[in-house]
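Novice: My questions will all concern the structure given below.
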Amino acid sequence: MFSLHPSWTHLLTPEIALLCFSIIFLVIAGLKGDKNLRKGSLYLSLLCLLFTLFFVIQLFVSLPDKEHISVISTSAGNASLLIDKYSLLFKMLVILGGFFSLLVSQKELDEENAWTGEYFALILFSILGMMVMASGADLLTLWVGLETMALSIYVLAAYLRRKESSVEGALKYFILGALSSGMYLYGVSFIYGATSSIHLKVLRAQLGMMITRGGIENIPFPLAFGLVLLVVSLLFKIAIVPFHFWTPDAYEGATTPVTAFMSVAPKAAGFAMLGRIFFVGLIPLYDILIPLLMLTALLTMVWGNIAAMLQSNAKRMLAYSSIAHAGYMLSGVIAALKAKTDEGITAVLFYLFVYIFMNVGAFSVIIALKGNGEEGDRMEDFTGLFKRKPYLAIFMTFFLLSLGGIPPFAGFLGKFFIFMSLVHSELYLLAAVLAITSVISIYYYYRIVCNMFLKEGVEKPQIREGFLLKSALIIMTVVNLFLILFTNRIFSIMEKGSIF
Amino acid sequence: MIVFVVLVSVLIVFFSIMVVSLKHPISSAVSLLIAFLLLAIFYLLYGAEFVAAVQVLIYAGGIMVLYLMGVMFTDSEWIKITRQTHLQAWLALFLVLVFFGYFGHKLYHSQYPAPAVKRTEISIAKKSETEKKLPYLQRETNPRSVSVALFKDYIYPFEIASVLLTVAVVGGVFLAKKEV
Amino acid sequence: MIEIYLPILVMVLMAVAFAFVLFVLSYIFGYVKKSRTSLKPYECGMALLDEAEKRVSIRYYVVLLLFLLFDIETLLLFPVAAVYKEMMGNLEYRLYVFLELCGFVAILMIGYVYIYKKGALKWE
């Protein structure tokens, strides 16, 4: 019987609120307002995201643990929208990522003279799409959320419309993204043809039934074909090697705050969707999924780190390093698949939380370096930074060491938990490769540190950051430094995001 | 019926090949239009009336205009000097034939839905005898099942789809306008 | 199932046949004098200004894009027609479906207001 949850308005408050907020920005974008209105809307958007975050946290606190509340059930009685702590945690991560990306975007928008209302509206719309991705429970809802997110981000990637590299990167991203969306839909149509359902629960039941009857061989060809397409399109969205080709160009071309946003929030949402599909829908297939995913995760970690070494542009380097980080997180997912416990998921959630602070931090230093007609993203732009701006150099060092996974910074904790989950589920090969590639990654992070401290730079005019960027840098540095003191607290929160 | 299906399929394949092999872009676009319309007939043959309507409205109506305008936006002088194929085409043709043969064979010999599966969701194919005697407008038809699915079961994706379309409008206007 | 489309098929065939017959008739009985004027698309009417195969102004792009998007929006509202009577008869779902459609149209209207305010429909 078709039904709505009696308190659906309460359960969907964050989404409804965010929709209203983004409509406000759309109206602001339509007004022929002066620049001050647009500049003020930055503060307004930060406030809106804080409100949404508040709603999510309030729901999170009031919800019982380990319960998956179905907000909408279809006529056949399947959930099509789930609110649980898993989805709420991912929603928090996505909102945090958006919040910090907006916090660091003031200077960039000033430099490029690109204050528009659409910037804020599109970021809020894409966050709305990601929230749908986090709580969808059927393949159609997930796809609509994915497309809402992706369309907003394609436009954001081309935000500086007059810059050729920006449009080029966005176009590459768009074409490959459209291809992967098409693959997703094609796969889903085969899955629907074979199982006559798009609900993950039903898919799981039927897969389980087929496998108990005759093993893996018993899965009919169309279903297998559809599942392959589905998994490939998911891996594409989180930029796993060999589906990563769009990443460096899109990241380099986009304006830096958007790059920071693209590297954290869609990744979190992509992992939310991947986790939901794998652990609710495809878990009976773990026998084949694990070797396949292991291969891609290994390739991702190795190639992401090696390619990052060869880059001469800091944004491209961070793009490849974000590919490598996606590989680390994917290993966490594999650990959870193998052990069938929440440990891997908790590690991934923790990693994503830490990743927001270190990655947006590194990008915000690049934003701070921009000015006087220079992009600030070449390796040479970092030379002698310690002489010019000592605290910027120190902050950048913290972020990079954190990304490299050196104790006692926050990044180390993220890697540590993933490593532990891998060891507990006896995936020693992945654990070893994770450790080795982390060591390799320190080499290219250290190159920037070396440039900043040891080399003599040319004299350059002073850079000004502005209040918001400064406060964002300070917040992120503090989190990176002192997170280790609150590890237990945050870990116990992340542990609540259970999917099993 | 099977005669119709085969005839329509052969025509679709023929016009699709025309799309890639004709020299002038406008002729290709018109072949594509015919292929789209034939595809609509194909959907009708299998009782998917709503999808057929979509095919005519969106593809034959909207997408075709987009293609034609796309051709008209670009300079057509280069067409006369460009070759349509190059050496890789033969390799590609070979690979396509191999893949097509394999997948076609596999897909042709599989059942829909898979034999182990019970139908759980809306069933369009199963129709009782009493229903078949009803006048057409009172039967459980394809557009009606689509509507029920869209307005009841999939209300949430339906609402989010409006957000998706709004984002598309904003993005398109934002990127195309001269001044913001 | 398929036989219910027979009237449509008959109509399409008749339309094609009618056009074909007219064409053949004018070919047989028409008097054609070869001249420059008779090669033009409109023999009597506006004089030709230019060639047809020319590049079109990119300004049409926005119009085209909006047309396509609103086309899709229409399509999502199109199924209402199939169940309208049934929906309005069902007291339990009447308000629910009505509000749902209102929400859908309202969000789209905001998109429309946006393009109107932006002047995307103006010729610049």
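The values are calculated or read from the model by the stated rules, or taken from the named source; none is laboratory data. All of these numbers come straight from a predicted model, not from anything done at the bench. Don't worry about glycine lacking a Cβ; one is built from the backbone with ideal geometry, like all the others, and counts go over all protein chains shown.
Novice: With the checklist (1) away from chain C (no Cβ under 13 Å); (2) farther than 22 Å from C:LEU69 by Cβ in hand, flag the one item B:LEU32 doesn't pass.
Specialist: It fails just one condition, (2).
Novice: Inspect all residues belonging to the range A:353-375 and state whether any of them is surrounded by 24 or more Cβ atoms within 10 Å (Cβ to Cβ), touching a residue at least 12 places away in the same chain (Cβ under 8 Å) and hydroxyl-bearing (Ser, Thr, Tyr).
Specialist: The answer is yes, given that some residue of the range A:353-375 is surrounded by 24 or more Cβ atoms within 10 Å (Cβ to Cβ), touching a residue at least 12 places away in the same chain (Cβ under 8 Å) and hydroxyl-bearing (Ser, Thr, Tyr).
Novice: Still on this model: Have a look at A:GLY327, A:GLY281 and point out the one that is touching a residue at least 24 places away in the same chain (Cβ under 8 Å) and under 30 Å from A:ARG378 (Cα atoms).
Specialist: A:GLY327
Novice: For the range A:413-445, how many residues are assigned to a helix (DSSP H, G or I) and either among the charged types (D, E, K, R) or without any contact (Cβ under 8 Å) to a residue 12 or more places away in the chain (or both)?
Specialist: So the count comes out to 7.
Novice: Continuing with the same structure: Hey, does the range A:208-218 have a residue that's at pLDDT below 90 and among the charged types (D, E, K, R)?
Specialist: Checking the range A:208-218: at least one residue is at pLDDT below 90 and among the charged types (D, E, K, R).
Novice: Just to check your reading of the model, which residue among C:PHE67, C:PHE104 is closer than 13 Å to B:PHE158 by Cβ and at the interface with another protein chain (Cβ under 8 Å from one of its Cβ atoms)?
Specialist: After applying the criteria, what remains is C:PHE104.
Yes/no matrix, rows are residues, columns are (1) within 26 Å of A:THR74 (Cβ to Cβ); (2) touching a residue at least 24 places away in the same chain (Cβ under 8 Å); (3) of a type in the set (Gly, Ala, Ser):
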residue	(1), (2), (3)
A:ARG162	no, no, no
A:SER165	no, yes, yes
A:SER180	no, yes, yes
A:SER196	yes, no, yes
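Novice: Of all residues in the range A:153-185, which are more than 12 Å from every other protein chain (Cβ to nearest Cβ) and not aliphatic (A, V, I, L, M)?
Specialist: Listed by number, the residues that qualify are A:LYS163, A:GLU164, A:SER165, A:GLU168, A:GLY169, A:LYS172, A:TYR173, A:GLY177, A:SER180, A:GLY182, A:TYR184.
Novice: While we're looking at this one, here's another question. Which residue out of A:LEU102, A:LEU81, A:LEU93 is within 14 Å of chain B (Cβ to nearest Cβ) and in contact (Cβ under 8 Å) with a residue 60 or more places away in the chain?
Specialist: Just one listed residue meets the conditions, A:LEU81.
Novice: Hey, among C:LEU91, C:LEU77, C:LEU99, C:LEU49, which residue is more than 8 Å from chain B (Cβ to nearest Cβ), in contact with a Phe, Trp or Tyr (Cβ under 8 Å, 6 or more places away or on another chain) and hydrophobic (A, V, I, L, M, F, W, C)? I'd like the intermediate steps shown before the answer.
Specialist: Working: C:LEU91 fails: in contact with a Phe, Trp or Tyr (Cβ under 8 Å, 6 or more places away or on another chain); C:LEU99 fails: in contact with a Phe, Trp or Tyr (Cβ under 8 Å, 6 or more places away or on another chain); C:LEU49 fails: in contact with a Phe, Trp or Tyr (Cβ under 8 Å, 6 or more places away or on another chain).
Criteria check complete, one pass: C:LEU77.
Novice: Here's something else I'd like to know. Take A:LEU234 and tell me if it is aliphatic (A, V, I, L, M) and closer than 30 Å to A:VAL302 by Cβ.
Specialist: yes
Novice: Tell me, which residue of the range C:73-124 that is assigned to a helix (DSSP H, G or I) and acidic (Asp, Glu) is surrounded by the fewest Cβ atoms within 10 Å (Cβ to Cβ)?
Specialist: Taking the range C:73-124 and keeping what is assigned to a helix (DSSP H, G or I), we get C:73-77, C:80-89, C:91-118.
Cutting the leftovers down to acidic (Asp, Glu) gives us C:73, C:86, C:92, C:100.
Working: C:GLU73: 21, C:GLU86: 12, C:GLU92: 6, C:GLU100: 18.
The residue in question is C:GLU92.
Novice: Can you name the helices (runs of 4 or more DSSP H) wholly within the range A:74-182 that have at least 3 residues being within 14 Å of A:GLU15 (Cα to Cα)?
Specialist: So the answer is A:85-103, A:117-135, A:139-157.
Novice: Something else now. From (1) closer than 30 Å to A:LYS107 by Cβ; (2) within 14 Å of another protein chain (Cβ to nearest Cβ), pick out the condition that doesn't hold for A:LEU44.
Specialist: Just one mismatch for A:LEU44, condition (2).
Novice: Do we have any residue at all in the range A:109-116 that's within 13 Å of chain B (Cβ to nearest Cβ), over 28 Å from A:VAL348 (Cβ atoms) and among the acidic types (Asp, Glu)? Walk me through it before giving the result.
Specialist: Of all residues in the range A:109-116, those within 13 Å of chain B (Cβ to nearest Cβ) come to A:109, A:112-116.
Filter again for over 28 Å from A:VAL348 (Cβ atoms), leaving A:109, A:112-116.
Still in the list and also among the acidic types (Asp, Glu): A:112.
Within the range A:109-116 (the criterion being within 13 Å of chain B (Cβ to nearest Cβ), over 28 Å from A:VAL348 (Cβ atoms) and among the acidic types (Asp, Glu)), the answer is yes, since at least one residue qualifies.
Novice: Still on this model: Residues of the range A:447-466 being within 30 Å of A:SER105 (Cβ to Cβ) and either among the β-branched types (Val, Ile, Thr) or free of Cβ contacts under 8 Å to residues at least 40 places away in the same chain (or both), which ones?
Specialist: A:ILE448, A:VAL449, A:CYS450, A:VAL458, A:GLU459, A:ILE463
Novice: Does A:LEU151 fit the bill of being of a type outside the set (S, T, N, Q), buried (at least 24 other Cβ atoms within 10 Å of the Cβ) and in contact with a strand residue (DSSP E or B) (Cβ under 9 Å, 6 or more places away or on another chain)?
Specialist: Criteria not met by A:LEU151.
Novice: Condition first: within 14 Å of chain B (Cβ to nearest Cβ) and at pLDDT below 75. Now tell me which residues in the range C:1-39 satisfy that.
Specialist: Matches in the range C:1-39: C:MET1, C:ILE2, C:GLU3.
Novice: Within the range A:62-70, is there a residue that is assigned to a helix (DSSP H, G or I), of a type in the set (Ser, Thr, Tyr) and either free of Cβ contacts under 8 Å to residues at least 24 places away in the same chain or closer than 17 Å to B:TYR156 by Cβ (or both)?
Specialist: yes
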